[in-house]
């Protein structure tokens, strides 16, 4: 299993880094593809949990929400209307169900799934609104857009890796076992230590105060853990091990981006509000 996961990572990670290096519009297009696939997977899980989301509307709605979250300049002023349209159209489509309880569940599941998955586009928003990297910073050549997105990606990955390694060695005391039986207190502490170390280093490389990184590291680590647990709760409700079998050893796209769905909006807000 570990060998299979390693091989899948070799296939999955390099294209992501290559597209990030290319910048926009390629990175935004990749996120849109991820959103569309993850929305299909989320709809599959919601239906498995007894909430009959409408597949086509869920995918279209998630892309609409993602466009609003990313908020490119040509969409400003109209983005909120896209989210409103998702709620309205999902409700109207549910009228076709003769059992109103099922129809109401379909409406809620479709609108919820669209908003949930669409939050992934916060990574694009982060790149568009992040401050420039000072010319004296070690990562000046990287640029603000690539630098801040890369930092958040590394923060989530470092938390996941730290939590796994420390959890395997010391993870005796579990928490929230009704959602995910593998999560442990020591794993959480290991993940937070790793994400904090990476954040501090990343802020120095990006020419920002070290103390800001020391605050952002555990914040993004906790958000990443919450995102992972949220998808685990959905999978547990659906009786599924993975969101799909798209990536051997890794499950589906939603399994790979679940932490970012919570971590990316938190990072985008933190950087926009506090970093100059």
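A short reminder: the numbers here are calculations on the coordinates, not readings from a lab. This one's a predicted model, so the numbers in the text were calculated from it and none came from an experiment. Heads up, the Cβs are rebuilt from the backbone with ideal geometry, glycines too, and the neighbour counts pull from every protein chain shown.
When residue 211 is tested against (1) in contact (Cβ under 8 Å) with a residue 60 or more places away in the chain; (2) more than 20 Å from residue 264 (Cβ to Cβ); (3) assigned to a helix (DSSP H, G or I), just one condition goes unmet, and that condition is (1).
Would you confirm, using the coordinates I've provided, whether residue 183 is touching a residue at least 40 places away in the same chain (Cβ under 8 Å), in contact with a strand residue (DSSP E or B) (Cβ under 9 Å, 6 or more places away or on another chain) and within 30 Å of residue 240 (Cβ to Cβ)? For residue 183, the condition - touching a residue at least 40 places away in the same chain (Cβ under 8 Å), in contact with a strand residue (DSSP E or B) (Cβ under 9 Å, 6 or more places away or on another chain) and within 30 Å of residue 240 (Cβ to Cβ) - is met. When we screen 222, 188, 150, 165 for residues that are in contact (Cβ under 8 Å) with a residue 60 or more places away in the chain, assigned to a helix (DSSP H, G or I), in contact with a helix residue (DSSP H, G or I) (Cβ under 9 Å, 6 or more places away or on another chain) and under 20 Å from residue 255 (Cα atoms), the only hit is 150.
In the range 66-80, is there at least one residue being within 26 Å of residue 250 (Cα to Cα) and crowded, with 20+ Cβ neighbours inside 10 Å? Within the range 66-80, one or more residues are within 26 Å of residue 250 (Cα to Cα) and crowded, with 20+ Cβ neighbours inside 10 Å.
Hey, does the range 237-254 have a residue that's under 18 Å from residue 153 (Cβ atoms), touching a helix residue (DSSP H, G or I) at 6+ places or on another chain (Cβ under 6 Å) and surrounded by fewer than 24 Cβ atoms within 10 Å (Cβ to Cβ)?
Yes, the range 237-254 contains a residue that is under 18 Å from residue 153 (Cβ atoms), touching a helix residue (DSSP H, G or I) at 6+ places or on another chain (Cβ under 6 Å) and surrounded by fewer than 24 Cβ atoms within 10 Å (Cβ to Cβ).
Scanning the range 41-50 for residues that are within 20 Å of residue 120 (Cβ to Cβ) and touching a helix residue (DSSP H, G or I) at 6+ places or on another chain (Cβ under 6 Å) turns up 41, 42, 43, 45, 46.
Conditions tested, residue by residue: (1) more than 15 Å from the chain's Cα centre (by Cα); (2) within 22 Å of residue 51 (Cβ to Cβ).
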site: 218; (1), (2): yes, no
site: 227; (1), (2): no, yes
site: 243; (1), (2): no, yes
site: 260; (1), (2): no, no
site: 266; (1), (2): no, no
